[in-house]
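The values are calculated or read from the model by the stated rules, or taken from the named source; none is laboratory data. All figures in this text were calculated on a predicted structure; none of them were measured in a lab. So basically every Cβ, Gly included, is an ideal-geometry build from the backbone, and we count neighbours across all protein chains shown.
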Amino acid sequence: MAYKDEQLNEEKVFKDPVHRYVHVRDRVIWDLIATPEFQRLRRIKQLGTTNITFHGAEHSRFNHSLGVYEIVRRIIDNFQGRAHWNNDQRLLCMCAALLHDLGHGPFSHSFEKVFKLDHEYYTQAIILGDTVVHQILERVTPGFAQEVADVIAKTHSNKLVVSLISSQIDADRMDYLQRDAYFTGVSYGHFDMERILRVMRPIEDQVVIKSSGMHAVEDYIMSRYQMYWQVYFHPVTRSAEVILTKILHRAKHLYEMDYNFKLQPTHFLSFFLGKVSLDEYLKLDESIVHYYFQLWQEEDDKVLSDLCERFMNRRLFKYVEFNPNKQINDLMRLIQLFKQAGIDPEYYLVVDSSSDLPYDFYRPGEEEERLPIHLLMPNGALKELSRHSDIVESISGKKRTDHKLYFPKDFLYAIEDEKIIQEITEILYRKEL
Amino acid sequence: MLENHAKLMRFFSEAKQVTGRKKLQKMVYILQSFGIPFEEKFQFHFYGPYSEELTLRIEELCNLGFINEEKEVKSNYFQYHYSLTNDGTQFLNQFSVHMPNCSGSIELLQGKSSRFLELVSTMLYFKDLSKDEVEAKVHDVKPKQKYSEEELVEAWKLIDELALKLH
């Protein structure tokens, strides 16, 4: 039997708190899960710094990747025998689902911003490079690794297959919303996925939703909306993310200034130099990052040691709402005052905007900006979701942006010049203090 | 701090007005491909390169009153027009941001249709491939658009022209 068709003697299952069981029958999937590149995902948390706010959020990219695979497997089971569905694409879909996050590193968002990296580049590099994952995919059939990489990059010619893994109602989102809700312990994020899977229909170039299932999709959009504000955009998590980003900036800056680290930051050198090989990238996981942060608390550089101490011990920055239009002069004045007080505003006064975060809301995709969720009407026509659902339309029109100004409040109490403290607090709190 | 917002406002200050969300996305992507330092992350989507970060940042600029978004109702769809407001101009005057002058290129792109810019941005997305491979990839990922030979020639011409202007 060809490797691509090989089935395990017995079905294997992973117990899963979200989907109850993740079922594996294909040898290829089983072998991919066992690779070092996939096992590495156990050491990368799905939600980065969110566990600082929601202590249960310790789940990993490994859990999530298995979950996405399981959802795609179930969707394909439902698609059997339907028009437009070609079952030859089954293994391709399941491999792409399983491997879609393979290139994520520790605290990906901050690392990508500071070191100008792209986890999608590394996903491609792992799938196409000299790795065990690549060997397995190429055993399926020569060129299969490239196909999987194309599906994940959304550049594959089969748009239907791409939309299963990546669209505005895809397996990726359906898993992470439920999984993140479960592990954070919030009551949002739950929706009737079984119903959605039942009303999904393949058409030529996308997956659409039978109009009778609209209410289940409304529930999904509401969950997505609630999770963004309550979990993903949580201001305390953002504070930890701000500090993390500043640590990385500071360490890089010190390296460039020939600062003499007490312990050579070996694992970070290629990141500082901007030339990170795949091998070096794969070696860095969260435990390594925490190891350095732990040690950097003892560094002579006061900024680096302070930021690391804050991150490790959850001594976070405080924040106030900030409107860049009305308060730009205030910000300029604060920068001056911080400098006068000996607090470096580059590291200790940070505007954080919602656009700095890697999450998105549902978008109706007007003017072909983005492909929306389409309802399949009884007459066979397609209708964009928000044109048919009042609930989705009202959410789509809401103001969904905000800006916050982060700073270490404890530092303000240590300023010796009373006038400076007074002026800073007046600006920050508008004389409320 | 707010530098990425300021860069986009500088873009609108030079463009005066941009019509169409898709067109806006493609214009920023094309300029970024030629080294204009926009920091927004783009991924390949159904209609070519798209940045959710850019969409959200534009939404922020509109909510802050720096950019004006005008919604025009057409026969069976909406069209959006974007321009810098007086508040946006004032903000830019206070905020120093380094952006190479690209007004000529912006003007050039404004004169093109969003369909054509979708083609150009898709070709640039696959710029690491050979010319023949790029053309094959365009037909592969965008079969419904049915781009003609003439359009491809025109797109290469625009890419060469932009390369001259922006390098």
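Can you name every residue in region B:1-15 that is more than 13 Å from chain A (Cβ to nearest Cβ) and in contact with a Leu (Cβ under 8 Å, 6 or more places away or on another chain)?
If the condition is that a residue be more than 13 Å from chain A (Cβ to nearest Cβ) and in contact with a Leu (Cβ under 8 Å, 6 or more places away or on another chain), then B:10, B:11, B:12, B:13 are the ones that fit.
Here's a check for you: in region A:229-257, which residue that is closer than 15 Å to residue A:352 by Cβ and outside any helix (DSSP H, G or I) is farthest from the chain's Cα centre (by Cα)?
Here the answer is A:234.
Name the one entry in A:383, A:419 that is in a helix (DSSP H, G or I) and of a type outside the set (A, V, I, L, M). Explain how you work it out, then say what you get.
Numbers: A:383 fails: in a helix (DSSP H, G or I).
One residue alone meets the criteria, A:419.
Mind listing whichever residues of region B:112-141 are surrounded by 18 or more Cβ atoms within 10 Å (Cβ to Cβ), of a type outside the set (Asp, Glu) and more than 9 Å from chain A (Cβ to nearest Cβ)?
B:112, B:116, B:117, B:119, B:120, B:121, B:122, B:123, B:124, B:134, B:138
Has region B:87-105 got any residue that is among the β-branched types (Val, Ile, Thr) and over 28 Å from residue B:13 (Cβ atoms)?
No, there is no match, as no residue in region B:87-105 is among the β-branched types (Val, Ile, Thr) and over 28 Å from residue B:13 (Cβ atoms).
Could you look through region B:43-64, keep only residues that are in a loop (DSSP other than H, G, I, E, B) and either more than 7 Å from every other protein chain (Cβ to nearest Cβ) or within 15 Å of the chain's Cα centre (by Cα) (or both), and pick out the one that is surrounded by the most Cβ atoms within 10 Å (Cβ to Cβ)?
Of the residues in region B:43-64, the ones in a loop (DSSP other than H, G, I, E, B) are B:46-47, B:51.
From what's left, either more than 7 Å from every other protein chain (Cβ to nearest Cβ) or within 15 Å of the chain's Cα centre (by Cα) (or both): B:47, B:51.
Values: B:47: 22, B:51: 20.
Restricting to residues being in a loop (DSSP other than H, G, I, E, B) and either more than 7 Å from every other protein chain (Cβ to nearest Cβ) or within 15 Å of the chain's Cα centre (by Cα) (or both), the top hit is B:47.
For residue B:87, only one of the following conditions fails: (1) within 11 Å of chain A (Cβ to nearest Cβ); (2) assigned to a strand (DSSP E or B); (3) acidic (Asp, Glu). What is its number?
(2)
Consider residue A:246 against the criteria (1) within 16 Å of residue A:360 (Cα to Cα); (2) within 14 Å of another protein chain (Cβ to nearest Cβ); (3) modelled with pLDDT of 95 or more: it satisfies all of them except one. Which criterion is unmet?
(1) is the only condition that residue A:246 fails.
Just need a number here: residues in region A:58-111 that are closer than 24 Å to residue A:21 by Cα and assigned to a helix (DSSP H, G or I).
31
Being touching a helix residue (DSSP H, G or I) at 6+ places or on another chain (Cβ under 8 Å) and either within 13 Å of chain B (Cβ to nearest Cβ) or modelled with pLDDT under 90 (or both) is the filter here, so list the residues in region A:414-433 that pass it.
The answer is A:433, and nothing else.
What number goes with the only condition from (1) in contact with a Phe, Trp or Tyr (Cβ under 6 Å, 6 or more places away or on another chain); (2) modelled with pLDDT of 95 or more that residue A:344 does not pass?
Every condition holds for residue A:344 apart from (1).
May I ask you to list the residues in region A:362-379 that are in contact with a strand residue (DSSP E or B) (Cβ under 8 Å, 6 or more places away or on another chain), within 11 Å of chain B (Cβ to nearest Cβ) and in a loop (DSSP other than H, G, I, E, B)?
A:364, A:365, A:369, A:370, A:371, A:372
Can you name the condition, by its number, that residue A:159 falls short on among (1) touching a strand residue (DSSP E or B) at 6+ places or on another chain (Cβ under 9 Å); (2) within 12 Å of chain B (Cβ to nearest Cβ); (3) more than 28 Å from residue A:248 (Cβ to Cβ)?
(1)
Out of the residues in region A:300-359 that are of a type in the set (Phe, Trp, Tyr) and part of a helix (DSSP H, G or I), which is nearest to the chain's Cα centre (by Cα)?
Among them, the one singled out is A:311.
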